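The values are calculated or read from the model by the stated rules, or taken from the named source; none is laboratory data. Source: prediction; values computed, not measured. Ideal geometry is used to build each Cβ from the backbone, glycine not excepted, and the neighbour counts take in all protein chains shown. Side chains are part of the model used for accessible areas, which takes the heavy atoms of the whole protein and leaves out ligands, DNA and RNA. Shrake-Rupley method; radii C 1.70, N 1.55, O 1.52, S 1.80 Å.
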Amino acid sequence: MERRLWQHLDWPLLLAVMALTCVGLATIYSVTWNLATGAPGGEFWRQVYAVPVGLVALIACLVVDYRTLAQRSPLFYVAMILALVAVMAFGVEAKGSRRWVNLGVGSLQPSEFARLALALVLAMVYGDARRRARSMGELMVGALVLAPAFILIFLQPDLGTASMLLPVYFGIAYMAGLRMRWVVGAVVVAALLSPVVWAYGLQDYQKGRVMTFLDPYKDPKGAGYQQIQARVTVGSGGMLGKGFKQGTQGAYRFLPESHNDFVFAVLAEEQGFVGVITVLGLYLFVIWRSLEAARLARDRVGAFLVVGLVSWFLCQVVYNITMQAGLVPVKGLTLPLMSYGGSSLVATLGGFGLILNVRMRRFTN
Amino acid sequence: MVTPGASGAFGDRQSTESRLIGLRVISLVLFVFLAGSFWVLQVLQYSEHLERAKRNHTRTLPLLAPRGVLFDRHGEVLVQNRRSFRIAIVREQATDVPASIRRLAAITHADEAQMLAIVQRRKSDPIFRPIAVIDHATDAQVAAVVAQQLELPEIVVEQVPTRTYPVGGLAAHLFGYVGEVQPAQLVRTEFAGLSQGAIVGQAGVEQVYNTQLMGTDGNRFVNVDSRGREVEELQRQDPVDGQRVQLTIDADMQRALEDAFRADGYNGAAAFIDPASGEVLALTSLPAYDPNDFAAGISSSVWQALNADPLRPLGNRLIQGLYMPGSTFKIVMAIAALEEGIITPDSVIGCRGSGVFYGRSFKCWNTKGHGAMTLRHALEQSCNVFFYTLGERMNIDTINKWATKLGLLGKTGIDLPQENASFMPSTEWAARTRSDGRWYPGETISVAIGQGAVSVSPMAMAMMMATVGNGGTLQTPHLVKAVDRGKGKGWEPVPGPGPRSTFAMRPNNLAAVREGLWMAVNTPRGTATARGKIEGKDVSGKTGTAQVISNDNKAAAQAAARAAGRNPAIFDDHGWFVFFAPRDKPEVAGVVFTEHSEHGYLSAPIAKHVMETYFAKKEGRPLPVYHSPAAPGGGR
């Protein structure tokens, strides 16, 4: 790689990404701290080991020109589909779904990497071919690319991760000229149809879930438990928080998944509103700085690739953090960069490798 | 041809730029919304959420204060505490209380319905407060619960201090017993601040001195995890032990008293008083219960048996039983006649075995007659005719006045619960309660020998003797000598409640009465000779019998009882012995009352044994061993 390329590396973005990773590590350290042994839990060390792997992924996604990667993207896409099929066949079942394959040294969650392949393919589909996304037919091309990955992940079943492929698709379609009228129209239709769906389309248990979300105190020890405890965890942090390792909600397991999906609630509990604002600011900085990379990109492929990845990042971060505030139903979605989960961290850092790649090569031909 | 450069290298620049700005705006709006949400949760609703978080993870576990230890007057421990365990449920932690109880019942083999009933009864308690469902759990039950703690985070094992009383129910009616505070009691000011399930004194000293003995429970504030496991202790508020209380009781005299009663096979009551102060040295009422049964949570079968027992073991005969004083009342008559100037110590009255008063013949117990005698000999031999004559010369109100001065009217004021008032008739009483409003002088003749409308408690009789013993000061009997309020202050003496009334008996009158009482115990003709006499101790006393039924009706009643298959002995007279010693400077005075013993002198050996114990202890001699004069199965 040429020397001057390093000069164009977006160091502020990389630093912000690493800062969020470290905040996540510290929060996991705190919440898994074991009073009896005086040591952090095994989750912390597994997450620590994921960091160098993630950095390798980041560099791997950085060193080769993104256009080369985009041109090879059909290969990655097929590999990803095969991996997802392998999960269906050989995956490890946990909590009623198959998401992981055991690699001996550790387990891998291929669905986390699907969005990278998808973003590369869609950037090619709409960017390189100068295809627009203005007609239904043009939109369908992308949807066909999306469908196999979405269905395979949905069948694991992992609706959350599958849903998070949609922002990649819509983000790129948006950049490719998706008519805003259609978006508005779709929203209006959905709003009009929702009573019909409620009356005829939903099973009783699904209605129950919605009702529990709307009023978690109906079932405070069951379905509403996580939602209530998330709010209590966040709210009890106050302005300045209870302090590092001083949280009670996560550490004493009143809030389940406190090192994982609800790591942000623990941060809010221990570091308070000040910590929340700091981390929200870092995330917003990462998003804006990445969008800047899209703006500076030398071609549509680069811009679309970045927007596809940022759209996913924005949606998952916002959904997860909204979930911490108890404002959306609890779904098994991690907070990118901060939550426990090696595959998620490695895939996310790889994604930022691609974003850095686009900005770094804005002057090259 | 587009030029490569910083501004990008592809068409639709305008569109791309504006759409990117759109994304920026969307992300900014979302993040501002998020920040606002967290502001609401963390700043506006902070205290509410903090409170909930605290309730989640902190538990307040009670540390129960042991009740104060009771000592005897010489520092011997009488009542103390041991550790036992109870198993409780914290409903806040339970998703399904009946299911938890069912599992608990399965592993402890305890009664599920009973535990559910306990929880139901306490349903208005705060939800975080543990409700004890198994009191005094066995080691096996505790082990079972501890082993299942992970599955049953809502079940907790609590250590509770439990009262231990001397074996065999010693001084049961003195100590009383403890039990859970009743819902109806919680409204009383003395129980303010207590919660349901608190253990309080329900009888005896435990009840009267409950406030001092109870102490203050402490608390442990602990962090628990979501499974209820204790993670760390945050704060500890140690319990404050109940105050240590030193009773006026002498443990050796108490044991001697009950040993003697049991050896003789009598039920009854007795009290031994320091006449100078009113301190009670020993007291009993038999039959009794075992306070340990109550301390361990009394079973309903034991409780029902105690209540159903016709001998009424829960009643304290000493202060609740009211009986005719019989010949012991002659002491009151003697003092009244002397102090009123009706007779002098040397006045002589003759006895021919009976006498006619108000047109009716009254018999002396010695139908041959005692001959001419002074007061001393009348007391010595308990001559009825002598005292009939005094009754003829005094009206009932004068007798009432002196009986009152000697403590035979009203309550003695002892610090035990539910005392009954002793009763003496008067013309005022007759006017108030009788249909014809009259008191008949002939009745006064019966009262003169302690029969008819007189009913006194054994405790009142003991105080009468204490008053004669100290020359006219009617003390209030009391049971507490000192308390140790803790904080290292040591024993603080508790002053007695002071005398109820006092009068100064003229010395020669006092000497005559004491002489007569001494003769009753120490001369060959005395009614209690050889039964109550202690060499060198000048025991002075008087026997008496309390009729259960009048002599005229007794034979018929006993025959009827026999026919009905009941023990005719229930109509046998009760025996009184009242006493003090030594004669000239009494150190101990009191009463022994034996139910259905028929003869007062049969009470005397018990009194003698206790007094011998007193003197032996005082003089550093070995304590005596009781030899019952009553042959087994007989002697009544």
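Neighbouring Cβ atoms from other chains, within 10 Å of the Cβ of residues in B:22-32, number 6 on average. Evaluate the Debye formula for the range B:59-247 with equal point scatterers sitting on the alpha carbons, no solvent, and hand back log10 of I(q)/I(0) at q = 0.08, 0.10 Å⁻¹, in q order, two decimals. At q = 0.08, 0.10 Å⁻¹ the computed log10 ratios are -0.29, -0.45. Sorted on the mean count of surrounding Cβ atoms within 10 Å across their residues, most packed first, peptides A:113-119, B:209-215 read A:113-119, B:209-215.
Angle between the Cα long axis of helix B:396-405 and the longest principal axis of chain B, 0 to 90 degrees, nearest 10? It works out to around 50 degrees. In a DSSP loop and with at most 15 other Cβ atoms within 10 Å, the trypsin sites (Lys or Arg not before Pro) in the range B:178-238 are B:ARG188, B:ARG227, B:ARG229. Backbone amide hydrogens, once placed in the peptide plane, bring B:PHE357 within less than 5 Å of B:PHE362, excluding anything fewer than 5 places away on its chain.
Annotation: peptides B:246-252, A:233-239, ranked by per-residue average of other Cβ atoms within 10 Å with the highest first, follow the order A:233-239, B:246-252. Each Cα pair under 8 Å and six or more residues apart adds its sequence gap; the mean of these over the residue count of chain B is a relative contact order of 13 percent. Of all beta bridges that DSSP places with both ends in the range B:59-247, some 95 percent have antiparallel geometry. Taking 7 Å steps out from each Cα toward its Cβ at B:ASP217 and B:GLU158 produces label points 0.4 nm apart. Annotation: per residue accessible area for the range A:20-70 equals 43 Å², rounded to a whole number [probe 1.4 Å, protein chains only].
Once the Cβ-Cβ distance of A:LEU155 and A:TYR217 is raised to the sixth power relative to R0 = 35 Å, the FRET efficiency obtained is 0.55.
Whenever you get a sec, line up B:THR138, A:THR21 from highest to lowest accessible area (probe 1.4 Å, protein heavy atoms).
My answer, sorted largest first, is B:THR138, A:THR21.
With the full set of protein chains in place, find how many percent of the accessible area of the range B:484-541 is carbon and sulfur; take the probe as 1.4 Å.
Of all accessible area on the range B:484-541, carbon and sulfur atoms account for 54 percent.
Burial of accessible area (probe 1.4 Å, heavy atoms of protein chains only) in the range A:245-270, relative to its chain alone, reaches at least 50 Å² for A:TYR252, A:PHE254.
Neighbours of A:LEU335, meaning other residues whose beta-carbon lies under 14 angstrom from its beta-carbon, give a summed charge of -2 when Lys and Arg score +1 and Asp and Glu score -1.
In chain A, the inverse of the mean reciprocal separation of distinct Cα atoms equals 21.5 Å; this is its Kirkwood hydrodynamic radius. From the largest down, chain B spans 160, 60, 52 angstrom on the principal axes of its Cα atoms. At a threshold of 20 Å², the residues of the range B:40-82 that become less accessible to a 1.4 Å probe in the full protein assembly than in their chain on its own are B:LEU41, B:GLN42, B:VAL43, B:TYR46, B:HIS49, B:LEU50, B:ARG52, B:ALA53, B:ASN56, B:HIS57. Quick one: Debye curve from the C-alpha atoms of the range B:46-91, no solvent, what's log10 I(q)/I(0) at q = 0.16, 0.27 Å⁻¹? Results for the range B:46-91 at q = 0.16, 0.27 Å⁻¹ read -0.68, -1.03. Dipole orientation for chain B: of the candidates B:MET465, B:VAL245, B:VAL25, B:MET465 has the Cα lying most toward the positive pole (charges on Cβ; Lys, Arg +1; Asp, Glu -1).
Label-to-label distance, B:VAL625 versus B:GLU76, with points set 7 angstrom from Cα along the beta-carbon direction: 1.7 nm. If you line up the long axis of helix B:551-563 against the longest principal axis of chain B, both from Cα atoms, how many degrees apart are they, to the nearest 10? With both axes taken from Cα atoms, the answer is about 50 degrees. Both the radius of gyration and Dmax for the range B:267-319 are 14.0, 44 Å, in that order, over alpha-carbon atoms.
What whole-number value in cubic angstrom gives the convex hull volume per residue for the C-alpha atoms of the range B:89-150?
80 Å³
For the protein assembly as shown, the pair-distance distribution built from all alpha carbon pairs, in bins 20 Å wide starting at 0, is 11, 28, 18, 14, 13, 11, 4, 0 percent.
Find out how many positive minus negative residues lie around A:TYR29, taking Lys and Arg as positive, Asp and Glu as negative, among other residues whose Cβ is under 10 Å from that of A:TYR29. Summing Lys/Arg as +1 and Asp/Glu as -1 gives 0. Compute the accessible area per residue over chain B, keeping the other protein chains in place, probe 1.4 Å, unit Å². On a per-residue basis, 43 Å². The phi torsions of the range A:253-258, fed into the Karplus equation with coefficients 6.51, -1.76 and 1.60 and a -60° offset, translate into couplings of 6, 6, 9, x, 6, 6 Hz, rounded to whole numbers, with Gly and Pro shown as x. Does the range B:528-568 classify as rounded, prolate or oblate by the C-alpha gyration tensor (a ≥ b ≥ c root eigenvalues; a/c under 1.5 gives rounded; else a/b over b/c gives prolate, otherwise oblate)? Verdict is prolate for the range B:528-568. Electrostatic bookkeeping for B:GLU258 treats Lys and Arg as +1 and Asp and Glu as -1; over the other residues with beta carbon under 13 Å from its beta carbon, the sum is -3. On association of chains A and B, roughly 4500 Å² of accessible area becomes buried (total for both chains; probe 1.4 Å). Rounded to 0.05, the FRET efficiency of the B:THR138 and A:VAL92 pair, given R0 = 45 Å and the Cβ-Cβ distance, is 0.45. A Förster radius of 41 Å, combined with the Cβ-Cβ distance separating B:VAL167 from B:VAL187, puts the computed FRET efficiency at roughly 0.65. When the accessible area of the range B:59-247 is split by element with a 1.4 Å probe, what percent falls to carbon and sulfur? So the carbon and sulfur contribution to the accessible surface is 50 percent. Just the number, please: percent antiparallel of the DSSP beta bridges in the protein assembly as shown, rounded to the nearest 5. Counting only bridges with both partners in the protein assembly as shown, antiparallel ones make up about 95 percent.
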